[in-house]
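Chemist: Below are the structure tokens for one structure; questions will follow.
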2 protein chains.
Amino acid sequence: MATRTRGPERRGEPLSRERIVEAAIELLDTAGEGGLTFRALAQRLATGPGAIYWHVAGKDELLSAATDAVVDGAMTTGTADTTPPEAIRALALGVFDAIDDHPWIGTQLARAPGQSPMLRIFERLGRQVQALGVPDDAQFTAASALLHYILGVGEQNATNARAVPDTNRADFLNAAAATWANLDPDEYAFTRNVADRLRDHDDRTEFVAGIDLILSGIAALQ
Amino acid sequence: MATRTRGPERRGEPLSRERIVEAAIELLDTAGEGGLTFRALAQRLATGPGAIYWHVAGKDELLSAATDAVVDGAMTTGTADTTPPEAIRALALGVFDAIDDHPWIGTQLARAPGQSPMLRIFERLGRQVQALGVPDDAQFTAASALLHYILGVGEQNATNARAVPDTNRADFLNAAAATWANLDPDEYAFTRNVADRLRDHDDRTEFVAGIDLILSGIAALQ
DNA sequence: ACCTGAACACCGTTCAAGT
DNA sequence: ACCTGAACACCGTTCAAGT
């Protein structure tokens, strides 16, 4: 829900929780996790660091509010006029892409245990699992497995995005493939074997392949 | 491999990378992720903060060295005279328990993309996937899915351990179950439904159930 | 070669003082 | 009620000086 005007040009408006969170997201997207600082944020909002504390309890709350806002935006797409597997794939890709756009939420999602963003994803997954006809006593396990896989890939993806800019992705994969191919044949026989596959690897399709793998395991539950 | 003597009583010995990493692990286990400080570490080693930098490049290197050491210890158990599924479960539980004992490695594992600890786990999983008879072109996906699931649960577990001491685990689950059961019936129909399951929930068995789910999906690949 | 510890450039957070 | 910005108590890291 980004409004038209953003950043310093809003200098005149009064401070508000909404504006603070918005500016925090910008800072996180632009300067990375390390870039979110109360001083930097205050400067962007043309105020002092102390002012922020009147609207927000502290850095943790600010981070989870920012995560909430982003995940919310990522989940409001698509009504469920599709089959359950398709809906699950769409849901999973929504989270995947959101993390791709905002790597910092990968780290953040993991830190919020039963908190709202994760719970919302869990609920959506669970409904589709139910629609899939999974027996009652296996639904929790199925939804959890999907969620954990999604979060696991998300975290990994966030780390990669942090380490390697998108534009260098191909070079990076080639370099990694070369490294893997040169590993000790005794200790890393398997990894050497699959090194080639890394070269034309696409994170997104590989991610979906994993989802499908779990879906096929879920199908076997019936 | 922890030696008999630990901590301050070693004050006489010269500083070494090994001793520093050992002390760092102690500090992380005792005081949590926030407890690892160059000043605290220096005090424990009866020296100044600057001395540590002669043996270790910085905090990041220190954290990954500590993670390496712990994961190494967790993986040297059990030779593979079992069936592949059993070996995979044992491997997964080894990582799970290591994270349970040292919650900070959960966070740390995610931060080391193609780094050694993750790669070692990947290799082990891959070998078993291969032994399972998975076709060549699906082995990467299968091993990756297992790894991501394991890391996803691990992260989650680390967060829980951070938030809730082990002794309060049962109380915490009951409270969570109560919260879930009181969620809005429209927005959280599924979550409400499975709330009961949380009460006698066991993280470890639930974790293995997820592994089995993925294994059954892998079995369908053949 | 290795260690010391003061110093530098940061943090998050607080709080008296202002409007 | 809301904002200001100096001040506090920390960080990781550096570096001249010592042995």
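Chemist: All but one of (1) without any contact (Cβ under 8 Å) to a residue 24 or more places away in the chain; (2) facing another protein chain (nearest Cβ under 9 Å); (3) part of a loop (DSSP other than H, G, I, E, B) hold for B:H201, so report the exception by its number.
Modeler: Single failed check for B:H201: (1).
Chemist: Separate question: Hand me the list of helices (runs of 4 or more DSSP H) wholly inside the stretch A:45-162 holding 3 or more residues that are small (G, A, S) and over 27 Å from A:R17 (Cα atoms).
Modeler: Where helices (runs of 4 or more DSSP H) fall fully within the stretch A:45-162 and carry at least 3 residues being small (G, A, S) and over 27 Å from A:R17 (Cα atoms), they are A:84-101.
Chemist: Would you mind finding the one in A:E123, A:E155 that is under 21 Å from A:D68 (Cβ atoms) and out of contact with any Gly (no Cβ under 9 Å at 6 or more places or on another chain)?
Modeler: The match here is A:E123.
Chemist: Still on this structure, please answer the following. For B:V95, indicate whether it is of a type outside the set (S, T, Y), closer than 23 Å to A:T191 by Cβ, within 14 Å of another protein chain (Cβ to nearest Cβ) and away from DNA strand D (no atom under 16 Å from the Cβ). Give the steps one after another, and end with the answer.
Modeler: Details: of a type outside the set (S, T, Y): yes; closer than 23 Å to A:T191 by Cβ: yes; within 14 Å of another protein chain (Cβ to nearest Cβ): yes; away from DNA strand D (no atom under 16 Å from the Cβ): yes.
Yes: the conditions hold for B:V95.
Chemist: Could you figure out which of (1) away from DNA strand D (no atom under 16 Å from the Cβ); (2) at pLDDT 95 or above; (3) farther than 22 Å from A:A219 by Cβ isn't true of A:V70?
Modeler: (2)
Chemist: Taking only the stretch B:106-149 into account, find how many residues are without any contact (Cβ under 8 Å) to a residue 60 or more places away in the chain and facing another protein chain (nearest Cβ under 7 Å).
Modeler: Counting residues in the stretch B:106-149 that are without any contact (Cβ under 8 Å) to a residue 60 or more places away in the chain and facing another protein chain (nearest Cβ under 7 Å) gives 15.
Chemist: Now, a different point. Name the pairs whose Cβ atoms lie under 6 Å apart, with the first residue in the stretch B:51-77 and more than 14 Å from chain A (Cβ to nearest Cβ) and farther than 18 Å from B:G32 by Cβ, the second more than 8 Å from DNA strand D (Cβ to nearest atom) and charged (D, E, K, R), and 6 or more positions between them or separate chains?
Modeler: Pairs found: B:H55/B:R17.
Chemist: Let me ask another. Of the residues B:T159, B:T191, which single one is facing chain A (nearest Cβ under 7 Å) and in contact with a Pro (Cβ under 7 Å, 6 or more places away or on another chain)?
Modeler: That would be B:T159, the only listed residue that is facing chain A (nearest Cβ under 7 Å) and in contact with a Pro (Cβ under 7 Å, 6 or more places away or on another chain).
For every residue, the table says whether it meets (1) touching an Asp or Glu at 6+ places or on another chain (Cβ under 7 Å); (2) within 16 Å of DNA strand D (Cβ to nearest atom); (3) more than 14 Å from chain B (Cβ to nearest Cβ); (4) modelled with pLDDT of 95 or more.
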residue: A:R4; (1), (2), (3), (4): no, no, yes, no
residue: A:D29; (1), (2), (3), (4): no, no, yes, yes
residue: A:R39; (1), (2), (3), (4): no, yes, yes, yes
residue: A:P49; (1), (2), (3), (4): no, yes, yes, yes
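Chemist: Just to be sure I understand the filter: pairs with C-beta atoms under 7 Å, separated by 6 or more residues or on different chains, first member in the stretch B:32-50 and within 7 Å of DNA strand C (Cβ to nearest atom), second member modelled with pLDDT of 95 or more and not in a helix (DSSP H, G or I). Which pairs pass?
Modeler: none
The values are calculated or read from the model by the stated rules, or taken from the named source; none is laboratory data. Since this is a predicted model, take the numbers as computed values, not measurements. Virtual Cβ from ideal backbone geometry, glycine too; neighbours counted across all protein chains shown.
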